[in-house]
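Peer 1: Pasting a structure here, questions to come.
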Amino acid sequence: MYDKFLPDHHYHMLNEITPELLTALGIKGVVMDIDNTIVTYDDPEPTPEAILWLDAVTGAGIRVSFVSNNNWDRVNGFNQKLNFPAYAKSAKPLTHNIKKAMARMGTEKDSTAFIGDQIFTDVWAGKQAGL
C-alpha cells in the first residue's frame, strides 16, 4: 500500500544520477520536476551545473521533458534556453502530463524514469504512471 510513496532509487544530488546509470537501467527518457529537483525554487534559469548535467544526459541519447506543478511563466522562463518539452500546472500526482511527455519523447513506461523531490506529488505521480 505504501510502496506508491517510496522511490525506486534515492539520491541526494542530481549529478549522482549519471547518464551511465540511466543507460544501465534501460532508461531512454527522463521526465523531471524543475523546482528543488534541477535547481532551487529561486533559480529562474538553469544553473551552469544543471546545463552540464542536462547536456551529459542528452549527449548519451536520453530524452528529457519537464513536468511541473508550477505556472507557465516559471516553466517557460526556466526552459527558454533549453527548449525541452515542458508542461506546467500539471496537478501532480495526476499523470496526464507525464503521459503527454512520454508520447512526445517516444518512450514507454519501462524505458522512462521520473525524477523529482516530493513524495506526494513527484514520486506518487511517477508510480501511478508506471515509471
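Peer 1: Please enumerate the residues belonging to the range 85-109 that are at positive phi and aliphatic (A, V, I, L, M).
Peer 2: First pass over the range 85-109, keeping only residues at positive phi: 89, 91, 106.
Once the filter is applied, which keeps residues that are at positive phi and aliphatic (A, V, I, L, M), the range 85-109 yields only 91.
Peer 1: With respect to the numbered conditions (1) in contact (Cβ under 8 Å) with a residue 24 or more places away in the chain; (2) in contact with a Lys or Arg (Cβ under 9 Å, 6 or more places away or on another chain); (3) under 14 Å from residue 33 (Cα atoms); (4) not polar (S, T, N, Q), which one is the sole condition not fulfilled by residue 85?
Peer 2: Every condition holds for residue 85 apart from (1).
Peer 1: Within the set of pairs 6+ apart or on separate chains, which have a first residue in the range 65-80 that is of a type in the set (A, V, I, L, M), a second that is assigned to a helix (DSSP H, G or I), and C-beta atoms under 7 Å apart?
Peer 2: Cβ pairs passing all conditions: 67/97; 67/98; 67/101.
Peer 1: May I pose another question? Those residues that are open to solvent by less than 80 Å² (accessible area, probe 1.4 Å) and under 13 Å from residue 54 (Cβ atoms), I need them from the range 8-25; list them, please.
Peer 2: Scanning the range 8-25 gives 14, 17, 18, 19, 22.
The values are calculated or read from the model by the stated rules, or taken from the named source; none is laboratory data. Quick caveat, the model's predicted, so the values are computed rather than measured. Positions of Cβ are generated from backbone atoms using ideal geometry, with glycine treated the same way; all protein chains shown enter the neighbour counts. Remember, those area values only see protein heavy atoms, side chains included, never the ligands or the DNA or RNA. Shrake-Rupley method; radii C 1.70, N 1.55, O 1.52, S 1.80 Å.
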